[in-house]
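Beneath this line is the structure, given in structure tokens, with notes to follow.
The values are calculated or read from the model by the stated rules, or taken from the named source; none is laboratory data. Keep in mind that this is a model prediction, so the values were computed, not measured. Counting neighbours? That spans all protein chains shown, and the Cβs are built from the backbone with ideal geometry, glycine included. For accessibility, only protein heavy atoms count, side chains too; no ligands or nucleic acids. Shrake-Rupley method; radii C 1.70, N 1.55, O 1.52, S 1.80 Å.
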Amino acid sequence: MKPLQKRNSLLLVLAAFIWGIAFVAQSEGGKSIGPYTFNGIRFLLGAAVLCPVIFLMNKKNATSSNEAKPANRHALLMGGLSCGFILGIASTLQQLALFYGSTAGKAGFLTTCYIIIVPLLGLFLGKKCGWNIWIGTVLTLIGLYLLCMNGSFTLEFPDLLLLLCALGFSLHILCVDHFSPMVDGIKLSCTQFLVAGIVSLIPAFFVDLQHSFANVPAMLAQFAEPTALIALCIPVFSPPELLYLQVIGQKGLNPTVASLLMSLESVFSVLGVGYSCMST
């Protein structure tokens with residue numbers, strides 16, 4: 001493995017760690033302020049965190065002629081819209097599954113089913129994998145099942161949402177793989193956060209706010225609760241870190257290998273749940 005690939009692999013492992021330990025807070029946040037509102041706020045704040053970074057980078061280094069080309073601007077726009085829309089849908093499905101009572105272990109396992117969906121979808125895009133990767137994928141899936149699942153396995157409504165979520169994250173991984181070599185990683189991340197936040201807030205108005213702005217004060221009052229603040233703050237700062245690391249880390253890596261590394265999210269989420277239970 002080349003040094004750049006090793007570095008990018010470590011970035012994806014770090015991304016999995018950040019998202020995994022934020023899993024418990026993500027579950028609590030959706031219950032506190034509503035799943036759609038929670039997702040929308042965390043992504044919009046994630047975009048806001050990156051805006052000053054982009055401003056400072058542009059101020060320090062004048063925009064290159066390559067980035068200023070219409071083709072590059074078009075790639076950034078299309079990449080941000082595509083990745084952001086898919087990310088918003090997939091994250092909302094995951095948040096809804098947690099809101100409707102899916103256990104953390106089952107949510108972690110079903111979400112990371114993208115490790116088998118990504119190579120299957122990749123076949124249709126001409127991204128073939130060697131037998132060693134297929135064997136590693138199957139063994140990883142079995143290991144995640146043994147790690148995350150306790151007792152009998154039955155599919156319920158939240159589980160179907162999680163399977164759709166896994167499909168969404170698979171498409172997101174492939175979408176990032178397509179656009180990340182074309183554009184700046186920070187700008188792509190910021191754009192997709194903005195789009196994902198808008199995608200989440202549209203249903204939030206009709207469901208969480210019951211299609212009335214009069215409910216906004218009551219919604220804001222929930223942020224005064226310490227548990228709600230803590231639950232929101234941790235995942236708010238994990239999207240920009242995680243997805244920027246994903247955009248950078250996927251460059252030069254096979255999407256299936258990237259999905260295997262990112263599936264460590266389930267391992268870290270289980271560890272996070274266990275630590276949370278020990279602390280209470």
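General observations
- Among the residues of the stretch 70-100, those that are surrounded by fewer than 22 Cβ atoms within 10 Å (Cβ to Cβ) and either in contact with a Cys (Cβ under 8 Å, 6 or more places away or on another chain) or under 16 Å from ASP208 (Cβ atoms) (or both) comprise SER82, PHE99, TYR100.
- Residues that are surrounded by fewer than 24 Cβ atoms within 10 Å (Cβ to Cβ) and of a type in the set (Gly, Ala, Ser), drawn from the stretch 158-196: ALA166, GLY168, SER180, GLY185
- On inspection, SER200 fails the criterion of being within 19 Å of ALA15 (Cα to Cα) and either open to solvent by less than 40 Å² (accessible area, probe 1.4 Å) or out of contact with any strand residue (DSSP E or B) (no Cβ under 6 Å at 6 or more places or on another chain) (or both).
- Taking the conditions (1) modelled with pLDDT under 90; (2) within 21 Å of the chain's Cα centre (by Cα) in turn, GLY143 satisfies each one other than (2).
- Residue within the stretch 124-133 that is out of contact with any Lys or Arg (no Cβ under 8 Å at 6 or more places or on another chain), closer than 30 Å to HIS74 by Cβ, among the hydrophobic types (A, V, I, L, M, F, W, C) and at pLDDT below 85 present: yes
One line per residue, one yes/no per condition, for (1) in contact with a Phe, Trp or Tyr (Cβ under 6 Å, 6 or more places away or on another chain); (2) touching a residue at least 12 places away in the same chain (Cβ under 8 Å); (3) closer than 19 Å to LEU164 by Cβ:
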site	(1), (2), (3)
LYS106	no, yes, yes
LEU110	no, yes, yes
TYR114	yes, yes, yes
PRO119	no, yes, yes
LYS127	no, yes, no
ASN132	no, no, no
LEU139	no, no, no
